[in-house]
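Okay, structure first, notes after.
The values are calculated or read from the model by the stated rules, or taken from the named source; none is laboratory data. On a predicted model such as this, the values are computed, not experimentally measured, just so you know. Cβ placement follows ideal geometry from the backbone for every residue including glycine, while neighbour counts extend to all protein chains displayed. With ligands, DNA and RNA removed, areas are computed over all heavy atoms of the protein, side chains included. Shrake-Rupley method; radii C 1.70, N 1.55, O 1.52, S 1.80 Å.
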Amino acid sequence: MSRGPRRILLAVNPSASFGRNRSVGPAAARRLEAEGYEVTQLRADNFELLRLEVQAAFERGTDGLVVVGGDGMVSLGVNVLAGTPVPMGLVAAGTGNDLARALGLPHDDPEAGIDALVESLRRPPQSIDLGAMQHGGLRTYFACVLSAGFDAVVNERANRMSRPRGPSRYTLALLRELATFRPRRYVITVDGVRREQPAMLVSVANTPSLGGGMRIVPHADLADGVLDVFIVHPLSRIGLLGVFPRVFAGEHVDHPAVEFTRARRVRLEADDIIAYADGERVGPLPIDVEVVPGALSVFA
């Protein structure tokens, strides 16, 4: 191993996928050490402690950060590394794994994910775009999708549920929220152009999918220098229920209530909506989002 990274930080979420993939982190560490890498494993009892530990270890110096878990761990890694030359690797072992899907990495087989990681460490890293959010004086980054409508409300409910485990949790949460959901009135400003409109759902996407493979923007590209805004105009509950099964396959793009627009900057305003990004709770609208081209280097 004469070139490429030598020192690797390995950050492990022990509760990823409800703890079912507890063995993946140690297995990844053993494999990387066998391949000749210098591995520092990082674990903590909770997510915030882990984030602080990863930040401190990163500041001491490394050639790469590998996160083991789902989109929450992606969010952690992205917010440590954004705008730095240090690349991120990923072993998908969570519930959603949407960044792994977008990068063409194994997303439902952690063992294959470890093999793919080892292969990717031998190649030059590639650059991808990130979304940057400004909210409440904070600037944070996301790799996949910011949700600010029905999908965010579903995410809020799914995160409160402990069962079922896996992506079917999102489906069940969706059906439960559908019973009471009403369109919200938004002010959406896209690259300086402001419009007011009611909508069921507004998302700002960097990758095609969220929630474990719901392909809300099938044409989204991680490295095209723009974000894709996905809007679902008001529908009856039956109409919305009719759209969602098609979303999983990306077959909703021609539906008359669905709109896509590309943007470099987006401001979203609405009452009573909590935004989510990469599955993590961001906070209530309003929120400002912009694309940051090439902000993250990845092993993929």
Discussion item. Suppose we keep just the alpha-carbon trace of region 122-200; what are its Rg and Dmax in angstrom?
Written reply: 16.7, 51
Worksheet item: With point charges of +1 on the Cβ of Lys and Arg and -1 on the Cβ of Asp and Glu, referenced to the Cα centre of the chain, which listed residue (LEU130, PRO198, ALA158) lies farthest in the positive direction of the dipole?
Response: ALA158
Fill in: Helix-only mean residue ellipticity at 222 nm for the chain, each DSSP H run of n ≥ 4 adding -39500 (n - 2.57), per residue, nearest 500
-8500 deg cm²/dmol
Fill in: Dipole magnitude of region 43-123, debye to nearest 20 (Cβ charges: Lys/Arg +1, Asp/Glu -1, about Cα centre)
260 debye
Worksheet item: What's the percent breakdown of Cα-Cα distances in region 7-98 across 5 Å bins, shortest bin first?
Response: 3, 16, 28, 27, 19, 7, 1
Worksheet item: Rounded to the nearest 20 Debye, what is the dipole magnitude of region 152-204 about its Cα centre when Lys and Arg each give +1 and Asp and Glu each give -1 at the C-beta?
Response: 260 debye
Worksheet item: Relative contact order of region 207-300: what whole-number percent is it, with Cα pairs under 8 angstrom and at least 6 residues apart?
Response: 28 percent
Worksheet item: How big is region 223-280 by Rg and Dmax over its Cα atoms, in Å?
Response: 13.3, 36
Worksheet item: Using r as the Cβ-Cβ distance of ARG30 and GLN126, and R0 as 22 Å, what FRET efficiency do you calculate, to the nearest 0.05?
Response: 0.25
Discussion item. Report the rotationally averaged projected area of the chain based on its alpha-carbon convex hull, in square nanometres.
Written reply: 14.4 nm²
Worksheet item: Put a dot 7 Å past each Cα toward the Cβ at ARG176 and ASP115; how far apart are the dots in nm?
Response: 3.8 nm
Worksheet item: For the chain, what is the percent of antiparallel DSSP beta bridges, rounded to the nearest 5?
Response: 75 percent
Practice prompt. Of the options LEU117, LEU52, ASN79, report the single residue whose Cα projects farthest towards the positive end of the charge dipole of the chain (beta-carbon charges: Lys, Arg +1; Asp, Glu -1).
Written response: LEU52
Fill in: Solvent-free Debye scattering, log10 I(q)/I(0), computed from the Cα coordinates of region 81-135 at q = 0.29, 0.30, 0.31 Å⁻¹
-1.24, -1.27, -1.29
Worksheet item: For GLU156 and HIS219, what does the FRET efficiency come to when R0 = 35 Å and r is the distance between their Cβ atoms, rounded to the nearest 0.05?
Response: 0.80
Worksheet item: To the nearest 20 debye, what is the magnitude of the charge dipole of region 142-300 about its Cα centre, counting +1 on the Cβ of each Lys and Arg and -1 on the Cβ of each Asp and Glu?
Response: 560 debye
Worksheet entry | Linear extension gain, ILE238 paired with ASP191, 0.36 nm per residue minus alpha-carbon span | 13.6 nm
Practice prompt. With only alpha-carbon atoms counted, please give the Rg and Dmax of region 178-300, in Å.
Written response: 14.4, 43
Worksheet entry | Fluctuation leader among PRO110, PRO286, PRO256 - the chain, Gaussian network, Cα springs under 10 angstrom | PRO256
Worksheet item: Label points 7 Å out from Cα along the Cβ direction at ARG139 and PHE47: separation in nm?
Response: 2.3 nm
Worksheet, complete the sentence: Between the alpha carbon centres of region 116-147 and region 169-185 the gap in Å comes to 28 Å
Worksheet item: Per residue, how much accessible area does the chain show when a 1.4 Å probe rolls over the protein heavy atoms, in square angstrom?
Response: 43 Å²
Worksheet item: Relative to the present Cα-Cα distance, how much length would full extension add between ASP271 and ASP63 at 0.36 nm per residue of separation?
Response: 70.5 nm
Response to the item:
Note: THR261 to ARG22 extended length (0.36 nm per residue) minus current alpha-carbon separation gives 82.0 nm
Worksheet, complete the sentence: Expressed as a percent, the accessible surface of the chain that is carbon or sulfur, using a 1.4 Å probe and the full set of protein chains, is 49 percent
Worksheet item: Which value, to two decimals, describes the C-alpha radius of gyration of region 133-178 once divided by 2.2 N^0.38 Å?
Response: 1.35
